[in-house]
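The values are calculated or read from the model by the stated rules, or taken from the named source; none is laboratory data. The structure displayed is predicted, hence computed values, not measured ones. For neighbour counting, all protein chains shown are included, and Cβ atoms are generated from backbone atoms with ideal geometry for every residue, glycine included. Each accessible area value is taken on the protein alone, full model and side chains, heavy atoms only, with ligands, DNA and RNA left out. Shrake-Rupley method; radii C 1.70, N 1.55, O 1.52, S 1.80 Å.
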Amino acid sequence: MAPGSRLQGKTAIVTGGASGFGRGIATKFAEEGARVIIADLSEEAGREAAKELSCNFVRADVTKREDWERLLQEATSASGQLDIVVNNAGAAYTNAATHEVTEKDFDLVMNVNVKSLYLSTSVLLPYFIDNKLPGSFVQIASTAGVRPRPRLAWYNASKAAVINATKTMAVEYAPQKIRFNSVSPVVGDTAMTHLFIGKPNTPENRKVFESVIPLGRGSTPADVANACCYLASDEAAFITGVNLEVDGGRCV
Ligand SMILES: NC(=O)c1ccc[n+]([C@@H]2O[C@H](COP(=O)([O-])OP(=O)(O)OC[C@H]3O[C@@H](n4cnc5c(N)ncnc54)[C@H](O)[C@@H]3O)[C@@H](O)[C@H]2O)c1
């Protein structure tokens with residue numbers, strides 16, 4: 001397949017596409033020919049990203065069923081078909097002793113990181129099944145779901161749930177040719193990084209996290225986007241149920 005056309009003719013929803021890894025994914029998908037719909041809570045950043053990438057923006061909260069219904073409508077009204085869903089939007093809390101984590105923070109990570117997958121599949125799977133379409137879901141999990149660090153228990157557990165649910169659905173919906181994979185970045189340099197390190201996101205403070213990564217640096221939006229593009233594309237037609245660690249060897 002010619003470079004620049006891996007996702008030609010496909011329509012993709014990218015949640016959390018206004019910032020960080022999601023913006024990198026939206027950029028790569030647009031470069032590879034996809035019609036991209038950025039779905040994000042942040043109206044200003046979402047509109048700005050959509051303008052720069054010449055794609056669509058829908059203000060959506062991934063924890064709300066009606067917003068997923070609007071996204072499906074938006075995706076299918078113009079092109080008539082939805083092909084790819086990237087569940088990237090995520091939330092974290094400032095790292096803290098597990099017994100001190102507030103119920104509000106617990107609910108936040110479970111709602112944004114896990115309930116979003118429940119809602120996306122509850123709303124979108126009937127569409128793929130009824131129309132006999134081979135959809136591809138790519139979920140952004142984390143090395144936190146495989147190799148947990150202390151003081152992030154409920155964030156880690158939410159990402160383990162993402163990986164487990166993704167594998168379950170991969171097997172369950174294989175007969176319908178609907179694929180489910182996840183991508184697990186290691187620490188990056190995005191708007192939420194300071195929460196993981198519990199300090200301002202400076203190169204100095206990131207060093208503690210990066211020093212345990214064999215390849216010696218964190219995940220970039222381009223690293224994550226390249227993995228998502230491959231898994232979403234027809235090149236990965238025989239790949240389902242995989243959790244691809246994009247982590248410079250951290251989870252080995
Ligand atoms: N940054 C890291 O070190 C790191 C490491 C591993 C995994 N991840 C995961 O990567 C994904 C992307 O995070 P990021 O690091 O790019 O962070 P980010 O803060 O730069 O981007 C997150 C985006 O999600 C959006 N968002 C948050 N809640 C939402 C909601 N309810 N509905 C719709 N949009 C919402 C935000 O507005 C923002 O644009 C997350 O799932 C995160 O858990 C991040």
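Some observations on this one:
- Global form of the stretch 82-121, assessed from the alpha-carbon gyration tensor, a/c cut-off 1.5: prolate
- Entry note: the stretch 8-110 has Rg to Rh equal to 1.05, where both radii use alpha-carbon atoms and Rh is the Kirkwood radius.
- When THR63, THR15, THR202 are compared by accessible area at a 1.4 angstrom probe, the order from most to least is THR202, THR63, THR15.
- Volume per residue for the stretch 80-188 equals 97 cubic angstrom (convex hull of Cα atoms).
- Two-decimal ratio, the stretch 112-252, of alpha-carbon radius of gyration to 2.2 N^0.38 Å: 1.11
- Amide N proximity, the stretch 139-167 versus VAL252 label position 7 Å along Cα-to-Cβ, cut-off under 19 Å: 143-144, 146-148
- Residues in the stretch 151-179 that a label on THR76 would reach, taking backbone N under 18 Å of a point 7 Å out along Cα→Cβ: 176-179
- Surface exposure of the stretch 79-174, expressed per residue as accessible area with a 1.4 Å probe, stands at 44 Å².
- Accessible surface of the chain, 1.4 Å probe: 54 percent of it comes from carbon and sulfur atoms.
- A Stokes-Einstein calculation at 37 °C with viscosity 0.692 mPa s, built on the Kirkwood radius of the chain over Cα pairs, returns a diffusion coefficient of 182 µm²/s.
- Two-site label geometry, GLU100 and ILE129: point separation in nm, points 7 Å out along Cα→Cβ: 4.6 nm
- Each residue was assigned an accessible area with a 1.4 Å probe, and for ASP67 the value is about 20 Å².
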